[in-house]
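Participant: The structure that follows is given in the form of structure tokens.
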């Protein structure tokens, strides 16, 4: 583009518009209490994208400097390490792994231990959740409204009467056109990091890393059920290690099967290429069990690193790209929280320090309101199989726990697991065309909008348990969380949600805006409208916090940062994890 054409384009669509000044003035005057309704972060991210893709070399340098500042800021939104935990019920220091001890290559442990050499249990599966924000509210817990009443008044989808006199739940399509496949990816991310122990709600049975524990398992026992251990580093055909995904809409399992196949593809290529000449044909190892085990461990570890790197590519390219509306708006640019850089004072910006997920972010990811019509029906059918014909409004927590124990049985061997009526062939594989149909149907299925009164009635008991769980944790209020994130606290229910029916109901239930619970407050908060930098359109608090979490989960993982090298991943694996900005996906990765 010529200089004149570039100037002409900037006049038509300036980088900074007059309407943006309000957001910049607000942060200058209230840097520790930002009004997120002014969309400052979204404006800055879009500005970075435009400067990077359409600007001069100088503009690209400015974009890079802005990105470094934003990443450092988002990473520091959460403490590293956390300063508080839900309990002192920490696991013992990790014992020696059954995988090759003290390998000369990078290897993710089965349970997430050992990521930080100075704090080996940081982020380990089986450890307590972190608490990011102390709850200082003086509200008597017994004075809080009944969870059932909260769901009916603020969270549940209302019933509407059709012309034929029949009633159905009101469905509000996602305003940005986001489909159900996005939320299938979100399911994988959420379940990779959160698995609350049913015996002790303070404990997270998953690691705090994007280590694909849903595929590989969260401990040595689960890991051993999916590995062949035949010297090739491969998994069994189409297996995964987390049975919880069997009770999610089928696109989540279909994606997980593809990631399982992806691991085996990487393992086969690493063995075949044999970059360092250290691997031997499996047939030659049949009489040397130790050599075969060592080779299998190394290939498995490297293939897992590459597969997790590919998963990271999906998260930053497709998932975060959709959250920010980058694909929709045709931008290839992506926020890169993994990069190394120095701050203005010459200090290194920290990477790979480890991570511990917190209860606040556990509650943030309860996205049941976004279930598409098809996934709502699928979920209701699952609950009907478990609960029978019992009215969802009559299901108590005691009845639900008893019904689940009696009705839900899953084979011990993952090779016997199936979903959505699919059958395995003689090799244990699912049919490609059936998997493709599940993913295509999910792509065509439009998700529902975030916001108050959007959760299907089938999820009523799950939401009630969620409210009870949040209260048992002594979770902070919505306003306390907003202050922690540097956002302006709400002064009234009307400011929180402008819908008179919603803020009126919340006023009756909670009396004072400072009493509004975090979980309920985030799920029923007024949602963002689609626009530049806003593709996902959740509530404003979720929107701000989710970016901080994405940066912390990726930047805090040493295997996605300081150990993300060709030496550990192999040259083939490292190159396969890189973005191809000219592949037609506008910076995505899932479609490549």
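The values are calculated or read from the model by the stated rules, or taken from the named source; none is laboratory data. Because the structure is a prediction, the values reported are computed rather than measured. Counting neighbours? That spans all protein chains shown, and the Cβs are built from the backbone with ideal geometry, glycine included.
Participant: Please work out if residue 444 is under 24 Å from the mean Cα position of the chain (by Cα), within 30 Å of residue 131 (Cβ to Cβ), surrounded by fewer than 22 Cβ atoms within 10 Å (Cβ to Cβ) and in contact (Cβ under 8 Å) with a residue 60 or more places away in the chain. I'd like the intermediate steps shown before the answer.
Facilitator: Values: under 24 Å from the mean Cα position of the chain (by Cα): yes; within 30 Å of residue 131 (Cβ to Cβ): no; surrounded by fewer than 22 Cβ atoms within 10 Å (Cβ to Cβ): yes; in contact (Cβ under 8 Å) with a residue 60 or more places away in the chain: yes.
For residue 444, the condition - under 24 Å from the mean Cα position of the chain (by Cα), within 30 Å of residue 131 (Cβ to Cβ), surrounded by fewer than 22 Cβ atoms within 10 Å (Cβ to Cβ) and in contact (Cβ under 8 Å) with a residue 60 or more places away in the chain - is not met.
Participant: Taking into account only those residues within the range 246-266 that are within 23 Å of residue 229 (Cβ to Cβ) and out of contact with any strand residue (DSSP E or B) (no Cβ under 8 Å at 6 or more places or on another chain), which is surrounded by the most Cβ atoms within 10 Å (Cβ to Cβ)? Steps first, please.
Facilitator: Going through the range 246-266, the residues within 23 Å of residue 229 (Cβ to Cβ) turn out to be 256-266.
Filter once more, keeping what is out of contact with any strand residue (DSSP E or B) (no Cβ under 8 Å at 6 or more places or on another chain): 256-259, 261-262, 265-266.
Working: 256: 25, 257: 22, 258: 14, 259: 20, 261: 17, 262: 18, 265: 16, 266: 28.
Filtering the range 246-266 for residues that are within 23 Å of residue 229 (Cβ to Cβ) and out of contact with any strand residue (DSSP E or B) (no Cβ under 8 Å at 6 or more places or on another chain), the one surrounded by the most Cβ atoms within 10 Å (Cβ to Cβ) comes out as 266.
Participant: Does residue 223 satisfy the condition of being under 17 Å from the mean Cα position of the chain (by Cα) and under 26 Å from residue 357 (Cβ atoms)? Before the answer, list the steps.
Facilitator: Numbers: under 17 Å from the mean Cα position of the chain (by Cα): no; under 26 Å from residue 357 (Cβ atoms): yes.
The answer is no for residue 223.
Participant: Taking helices (runs of 4 or more DSSP H) that fall entirely within the range 299-389, which contain at least 1 residues that are over 14 Å from the mean Cα position of the chain (by Cα) and more than 24 Å from residue 207 (Cβ to Cβ)?
Facilitator: On the way: elements: 320-323, 359-364, 373-387.
Helices (runs of 4 or more DSSP H) meeting the threshold: 373-387.
Results for (1) modelled with pLDDT under 70; (2) crowded, with 17+ Cβ neighbours inside 10 Å, shown as yes or no for each residue.
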site: 4; (1), (2): yes, no
site: 21; (1), (2): yes, no
site: 34; (1), (2): no, yes
site: 42; (1), (2): no, yes
site: 66; (1), (2): no, no
site: 77; (1), (2): no, yes
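Participant: Hey, residue 534 hits all of (1) modelled with pLDDT of 95 or more; (2) over 26 Å from residue 211 (Cα atoms) but one; which does it fall short on?
Facilitator: (1)
Participant: Looking at 204, 224, 179, 219, can you tell me which residue is touching a helix residue (DSSP H, G or I) at 6+ places or on another chain (Cβ under 6 Å) and touching a residue at least 40 places away in the same chain (Cβ under 8 Å)?
Facilitator: Numbers: 204 fails: touching a helix residue (DSSP H, G or I) at 6+ places or on another chain (Cβ under 6 Å); 224 fails: touching a helix residue (DSSP H, G or I) at 6+ places or on another chain (Cβ under 6 Å); 219 fails: touching a helix residue (DSSP H, G or I) at 6+ places or on another chain (Cβ under 6 Å).
Of the residues listed, the single one that is touching a helix residue (DSSP H, G or I) at 6+ places or on another chain (Cβ under 6 Å) and touching a residue at least 40 places away in the same chain (Cβ under 8 Å) is 179.
Participant: Suppose we filter the range 106-125 for residues that are in contact (Cβ under 8 Å) with a residue 24 or more places away in the chain, surrounded by fewer than 21 Cβ atoms within 10 Å (Cβ to Cβ) and out of contact with any helix residue (DSSP H, G or I) (no Cβ under 6 Å at 6 or more places or on another chain); how many remain?
Facilitator: 3
Residues checked against (1) more than 23 Å from residue 217 (Cβ to Cβ); (2) in contact with a helix residue (DSSP H, G or I) (Cβ under 7 Å, 6 or more places away or on another chain); (3) outside the structural domain of residue 159 (by TED's automatic domain parsing):
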| residue | (1), (2), (3) |
| --- | --- |
| 329 | yes, no, no |
| 354 | no, no, no |
| 359 | yes, no, no |
| 365 | no, yes, no |
| 381 | yes, no, no |
| 414 | no, yes, no |
| 425 | yes, no, no |
| 432 | yes, no, no |
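Participant: Sticking with this structure for a sec: Go through the range 471-492 and give me each residue that's in a helix (DSSP H, G or I) and surrounded by fewer than 23 Cβ atoms within 10 Å (Cβ to Cβ).
Facilitator: 471, 472, 480, 483, 484
Participant: Mind listing just one residue for me: the one in the range 409-421 that is in a loop (DSSP other than H, G, I, E, B) and touching a residue at least 60 places away in the same chain (Cβ under 8 Å) and, of those, nearest to residue 227 (Cα to Cα)?
Facilitator: Taking the range 409-421 as the starting set, the residues that turn out to be in a loop (DSSP other than H, G, I, E, B) are 409-413, 417-421.
Checking the rest, the ones that are also touching a residue at least 60 places away in the same chain (Cβ under 8 Å) come to 410, 412-413, 417, 419-420.
Details: 410: 19, 412: 14, 413: 11, 417: 15, 419: 20, 420: 24 Å.
Per the criteria, the residue is 413.
Participant: Would you be able to tell me the number of residues in the range 182-205 that are crowded, with 24+ Cβ neighbours inside 10 Å, in contact with a strand residue (DSSP E or B) (Cβ under 9 Å, 6 or more places away or on another chain) and outside any strand (DSSP E or B)?
Facilitator: Looking only at that region, the number is 1.
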